[in-house]
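Visitor: Just passing along the structure, written as structure tokens.
What follows draws every value from the coordinates through simple rules; no lab data is involved. For clarity, every value in this text was computed on a predicted model and none was experimentally measured. When we count neighbours, we look across all protein chains shown, and the Cβ atoms used for this are built from the backbone with ideal geometry, even at glycine.
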Amino acid sequence: MSSRTSEHGHLIMVLEDIMQLYRIETTYFLHKYLNARTRLAKRKVIDHAKRYSILKKIPTQVEHLDRLVHASDTDCIAKLRMDRNTFGRLCRILHARGCLRIGRCLGIEEQVAMFLGVLAHHDKNRVVKFHFLRSGANVSHIVHNVLCAILSLHSVLISKPTPVAVNNTDHRWKWIKGCLGALDGTHINVLVSNEDKPRYRTRKGQIATNTLAMCDRNMQFVYLLAGWEGCAGDSRILRDAVTRYNGFKVPQGCYYLCDNAYANSNGFLTPYRGVRYHLKEYGPGTESPQDPKEMFNMCHTKARNIIERAFAVLKMRWGILRSASFYPIETQIRLIMCCFLLHNFIRWEMEVDPVEMELDDADLAELGNTEENIGADYVNCVEPTAEWTQTREQLAMNIWMNR
């Protein structure tokens with residue numbers, strides 16, 4: 001009877017331990033408990049589970065999330081690069097249209113906050129899991145889910161450009177009727193295998209990817225092509241963007257401003273070569289434009305500077321773009337695309353972009369229209385033509401005569 005009593009008492013103790021582990025709400029420790037061979041090992045599992053109870057983590061997790069997104073706009077902008085209202089709208093659109101789902105112990109706000117922290121400050125996996133009290137595998141899974149949800153909304157988050165109207169009075173754009181915006185390429189550092197480093201090495205020796213982007217007059221991106229190697233030339237990437245299926249479309253009669261790295265062709269207007277161009281060459285203490293070509297170059301650089309400002313704001317906002325990240329190259333490219341899309345969303349929702357205010361020469365871009373371009377004919381090649389050269393000559397003479 002004594003042996004049966006002892007066995008019965010031991011079984012009761014084991015069942016009490018299992019019920020205690022279920023109250024802690026984890027199956028990981030239950031598996032370790034059942035595999036433990038000695039009573040001492042089982043007791044260590046119970047003590048370890050008590051210290052790392054999910055229920056004990058919840059108050060700390062809620063407090064950290066409240067400090068991020070509910071305390072003040074200042075803290076939210078500093079940590080997540082957007083105010084509380086914009087953050088709430090982003091969470092709602094990702095849940096309603098991006099198919100981002102609420103987890104068993106994870107809300108939409110916490111998932112988006114974790115992902116934005118990775119982009120804004122280039123936080124590593126171990127840093128995120130420390131602050132949010134989550135496992136590394138959970139953090140990796142959340143980053144992937146939010147990334148896919150944002151990329152699925154690319155058709156919504158990409159801006160629609162409008163040409164400069166005839167009655168436009170902005171001093172930067174009134175001379176170039178029909179202009180849709182500006183384009184340029186930017187190098188973003190990436191981490192690749194040793195075999196791929198020669199292809200991604202730029203002329204300055206950095207390992208980077210060359211990203212082509214076009215923006216409108218409001219510093220919102222209307223097209224981007226990421227993933228090209230750093231050694232690829234800008235004109236080659238543009239030619240690929242125009243000729244690929246469902247690629248970059250420029251309506252006939254409209255054009256983008258670009259620098260001399262590209263060809264002066266239909267749909268893409270470049271400045272005159274061998275003529276001073278940059279803004280500092282027309283600054284205080286310098287001569288005013290002396291002929292139509294210099295006048296055209298000055299007007300061209302004032303308007304095309306919008307793409308340089310857009311790249312500056314983009315890289316100031318997202319820290320992950322300022323250094324190589326430890327992800328597979330495919331994931332790095334997708335993160336770059338995600339940064340561009342979120343930049344557009346912030347520019348839409350926030351009346352004043354705090355990151356742009358930090359620029360030394362900050363003057364806010366005008367709020368443009370949201371009409372879509374209409375037309376069936378598009379530019380389908382990037383080749384210099386005599387007709388387009390003549391168009392540039394006429395435009396330069398018109399600016400000079402009406403200066």
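Visitor: How far apart, in nanometres, would the label points at Gln252 and Val275 be if each is projected 7 angstrom from Cα along the Cα-to-Cβ direction?
Guide: The two pseudo-label positions are separated by 2.8 nm.
Visitor: Still on this structure: Could you give the semi-axes, largest first, of the ellipsoid that matches the range 176-321, computed as the square roots of 5 times the alpha carbon gyration tensor eigenvalues and rounded to whole Å?
Guide: Each semi-axis is the square root of five times an eigenvalue, giving 28, 19, 15 Å.
Visitor: Could you give the length gained on full extension between Phe130 and Asn380, defined as 0.36 nm per residue of separation minus the Cα-Cα distance, in nm? Numbers along the way, then the final one.
Guide: On the way: separation 250, 0.36 × 250 = 90.00 nm, distance 5.10 nm.
Net length gain for the segment: 84.9 nm.
Visitor: On each of the three principal axes of the Cα atoms of the range 157-401, give max minus min coordinate, whole Å, ordered largest first.
Guide: 55, 44, 40
Visitor: At a temperature of 25 °C and a viscosity of 0.890 mPa s, determine how fast the range 57-152 diffuses translationally according to Stokes-Einstein, using the Kirkwood radius over alpha-carbon pairs as Rh; express D in µm²/s, rounded to the nearest whole number. Don't skip to the answer; put the middle values down first.
Guide: Details: Rh = 13.3 Å.
It diffuses with D of about 185 µm²/s by this estimate.
Visitor: May I ask which of Lys79/Lys174; Lys160/Lys280; Lys174/Lys280; Lys174/Lys204; Lys129/Lys204; Lys124/Lys249 have a Cα-Cα span longer than 27 Å here?
Guide: Lys79/Lys174; Lys160/Lys280; Lys174/Lys204; Lys129/Lys204; Lys124/Lys249
Visitor: Then there's this: Go through the range 298-311 residue by residue and turn each phi into a ³J(HN,Hα) via Karplus (6.51, -1.76, 1.60, θ = phi - 60°); whole Hz please, and just put x for glycine and proline.
Guide: 5, 5, 5, 6, 5, 7, 5, 4, 5, 6, 5, 5, 5, 5
Visitor: Still on this structure, I have one more. For the range 115-157, count the residues as N, evaluate 2.2 N^0.38 Å, and divide the Cα radius of gyration by that value, please. Mind dumping the intermediate values first?
Guide: On the way: Rg = 11.4 Å, N = 43, 2.2 N^0.38 = 9.2 Å.
Relative to the rule-of-thumb radius for its length, the range 115-157 sits at 1.24.
Visitor: Check Ala232: other-chain or 5+ apart residues with amide H under 5 Å from its amide H, H built from backbone geometry?
Guide: none
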